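Notes to accompany the following structure.
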Protein chains: 2
Amino acid sequence: MKNENQRAPHLTAVLVGDNAASQTYVKNKMKAAAEVGITSETKQLPKTISEIELLSILTDLNNDDNVDGILVQLPLPDHINERKICNFVSCDKDVDGFNEKNIGRLCLDMNTLIPCTPLGIKELIKRSEIETFGKHAVVVGRSKTVGMPMMMLLHADGRHETGAMDATVTICHRFTPPSDLKQLCKMADIVIVATGIPGLIKEDMIKPGATVIDVGITRVFDEKTGKSKLVGDVDYENVKKVAGFITPVPGGVGPMTVAMLMRNTFVAAKKLAESRNDKFIN
Amino acid sequence: MKNENQRAPHLTAVLVGDNAASQTYVKNKMKAAAEVGITSETKQLPKTISEIELLSILTDLNNDDNVDGILVQLPLPDHINERKICNFVSCDKDVDGFNEKNIGRLCLDMNTLIPCTPLGIKELIKRSEIETFGKHAVVVGRSKTVGMPMMMLLHADGRHETGAMDATVTICHRFTPPSDLKQLCKMADIVIVATGIPGLIKEDMIKPGATVIDVGITRVFDEKTGKSKLVGDVDYENVKKVAGFITPVPGGVGPMTVAMLMRNTFVAAKKLAESRNDKFIN
């Protein structure tokens, strides 16, 4: 229902300290917001800020009806408990999907705000019309922001609220023996890698025609040019010869993550507006 | 710290309707409680109880300082939203570990009350000194009470609060093609089955020496005796010829589930007593 108070969705980013990569990430996200008509603000805070001061700022943002999405850029300085901060962001505004309650809802296949990278990969697979039902997917890396939620979206029931992908899923990690990693990847129809180890996935580990999705992004020194460059976890030039689908780094997953942040902000804004409208009508 | 008000842990079971299996389960749990010195009460409620009446009873139990653990026996009648009920049980008294916030904490490797069946299987593996680190485990069945939390405890980092098992993990389910199920099980060092399909796992699907853990429990008609009997998901008589370790049905996992319910009740009682003491001191 339309009302007089309609406005664009609003995303607030909280950036603590002066980590160069974090500043770039936030800048790119805010640029994307502007492009799609989401208004935004970046709260740049000193790295010396105390946990209690940060919690107080989040309280204000949680209570502010003009803010729909709150994004706390990680990592935070060592003296701040990241988990406490993630849990403190209102579930309704948690556009990164990192609140423990939202993670629980995702793992129970319930409608919720889902972490942007796995959500973006799901969208990438869907839009590319890659079959997942009954297929075997291997996830390499068990992070709580990518590997774990990815495994959840891949294996769970497509008839439930998260519209998951009904694949058989294997999760590998730092303690998977290299021979097992190779054997399992080689069996997979879809391989999703998020480890931060450049070149981990090689040509002889991939089944011809398989889909390879690379979440890794590491800055390395390029001997050819004498400059630094960004690379993924997949030996792209060689793996692309056997893969049926492959994502590049940079590009590929990164822009999808940003796009899903926009989607989550829109979804959050819509729900919050509806609940404010309901209150108004009642 | 000891105080005047010390008492035994107390577990309250909420049993709705007259499902025979549910009544047996609750009776067995209450018997186990008595054996280990946990006091208990079963609230037997009519199957016609409304959701709001049930929520009101849970509110009382949540607020009752004499109750440490609350167990709502599932399934509930169709007119009651099970998820709503599970989420309404106080996280601190949620001895089944089904509250969405506790599920989220488990999936983030955080200290929490963990669902009893996967917790019992973890204990069974540990006490049997079966190596999991870097091994390949296959979980068959993706239920939210067994398969999903089991996969979590198997694959996650042993250095984190849940003391997980650092295995490579594959999760299979109803849409895994039979040939894939066989191939993956055959590769596994540990196979954990929770599907409710009698005899699903056969001798030729198991690697010699592997560990086979059977969570299934189905009542079937026994032609030999003309009576009904309980069977698991594993063709026990034949699989035991190749397996290194195997759990029987009945026995095996069932008693471990009950034991972990007792442990969870004790852990909940201890924490609640500590927090009451802290209040008293302050």
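Observations on the structure shown:
- Inter-centroid distance (Cα atoms) of the stretch A:69-128 relative to the stretch A:39-59, Å: 18
- Computed label-point distance, nm, for sites B:Ala21 and A:Thr24 using a 7 Å Cα→Cβ extension: 5.5
- DSSP bridge analysis restricted to chain B gives an antiparallel fraction near 15%, rounded to the nearest 5.
- About the Cα centre, charge dipole magnitude for chain A (Lys/Arg +1, Asp/Glu -1 at Cβ), debye: 400
- Lys/Arg +1, Asp/Glu -1 at C-beta; the stretch A:107-263 dipole; positive extreme among A:Met150, A:Phe175, A:Gly244: A:Phe175
- Spacing of the modelled spin labels on B:Glu203 and B:Phe133, each 7 Å from Cα toward Cβ, amounts to 3.6 nm.
- Cβ neighbours within 10 Å from other chains - mean over B:93-103: 3
- When each of A:Lys27/A:Lys126; A:Lys47/A:Lys144; A:Lys122/B:Lys229; A:Lys101/B:Lys207; A:Lys182/A:Lys229 is checked by Cα-Cα distance, pairs over 32 Å: A:Lys122/B:Lys229; A:Lys101/B:Lys207
- Cα long-axis angle, helix B:178-187 against chain B (0 to 90 degrees, to the nearest 10): 90
- Residues of the stretch A:249-282 falling in the label zone of A:Arg7, defined by backbone nitrogen less than 18 Å from a point 7 Å along Cα to beta-carbon, are A:265-280.
- Environment charge at B:Ile217 (Cβ cut-off 13 Å; Lys +1, Arg +1, Asp -1, Glu -1): 0
- Signed unit charges on C-beta, dipole axis of the stretch A:41-115, positive-most listed residue A:Cys107, A:Gln44, A:Asn66: A:Cys107
- Lys/Arg +1, Asp/Glu -1 at C-beta; the protein assembly as shown dipole; positive extreme among B:Val215, A:Thr12, B:Asn277: B:Val215
- Accessible surface of B:Met187 - all protein chains present, 1.4 Å probe, nearest 10 Å²: 40
- A:Val220 versus B:Glu35: modelled label distance in nm, points set 7 Å from Cα along the beta carbon direction: 5.8
- Alpha-carbon centroid distance for the pair the stretch A:204-282 / the stretch B:218-240, whole angstrom: 49
- Electrostatic tally near A:Glu203: other residues with Cβ closer than 12 Å to its Cβ, Lys and Arg +1, Asp and Glu -1, net +3.
- Taking the convex hull of the alpha carbon positions in the stretch B:7-68 and averaging its projected area over all directions gives 4.2 nm².
- For chain B, calculated [θ]222 nm from helices alone, where every DSSP H run of n ≥ 4 adds -39500 (n - 2.57): -12000 deg cm²/dmol
- Carbon plus sulfur fraction of accessible area for chain A, probe 1.4 Å, in percent: 53
- Neighbours of B:Cys185, meaning other residues whose beta-carbon lies under 12 angstrom from its beta-carbon, give a summed charge of -1 when Lys and Arg score +1 and Asp and Glu score -1.
- Acute angle (nearest 10 degrees) that the helix B:116-127 long axis makes with the longest principal axis of chain B, alpha-carbon atoms: 60
- Note on the protein assembly as shown: with charges restricted to the Cβ of Lys and Arg (+1) and Asp and Glu (-1), its dipole about the Cα centre is near 700 debye.
- Temperature 10 °C, viscosity 1.306 mPa s: under these conditions the Stokes-Einstein estimate for chain B, based on its Kirkwood radius over C-alpha pairs, is 79 µm² per second.
- ³J(HN,Hα), Karplus 6.51/-1.76/1.60, whole Hz, each residue of the stretch B:202-215, x for Gly, Pro: 10, 3, 7, 9, 10, 6, x, x, 5, 9, 10, 10, 10, 9
- Reciprocal of mean inverse Cα separation for the stretch B:191-282 (Kirkwood radius, Å): 15.5
- Relative contact order [Cα under 8 Å, 6+ residues apart], chain A, whole percent: 17
- Among residues of chain B, the one whose beta-carbon sits closest to the B-to-A rotation axis is listed with its distance in Å as B:Gly104, 1.
- The per residue volume of the convex hull around the alpha-carbon atoms of the stretch B:102-157 is 81 Å³.
- The stretch B:1-160: Rg to Rh, with Rh as the Kirkwood radius over Cα pairs: 0.99
- Taken over the alpha carbons of the stretch A:60-136 as equal point scatterers, the Debye sum produces base-10 log I(q)/I(0) values at 0.24, 0.27 Å⁻¹ of -1.14, -1.27.
- Chain B: most fluctuating residue of B:Glu131, B:Glu161, B:Glu223 per GNM, C-alpha cutoff 10 Å: B:Glu223
- Equivalent ellipsoid semi-axes, the protein assembly as shown, via Cα gyration tensor eigenvalues times 5, rooted, Å: 39, 34, 22
The values are calculated or read from the model by the stated rules, or taken from the named source; none is laboratory data. Only a predicted model underlies this, so the values are computations on that prediction, with no experimental measurement involved. Glycine gets a Cβ as well: all are built from the backbone with ideal geometry, and neighbour counts include every protein chain shown. For the accessible areas, the whole protein counts, side chains as well, though only heavy atoms, and no ligand, DNA or RNA atoms are used. Shrake-Rupley method; radii C 1.70, N 1.55, O 1.52, S 1.80 Å.
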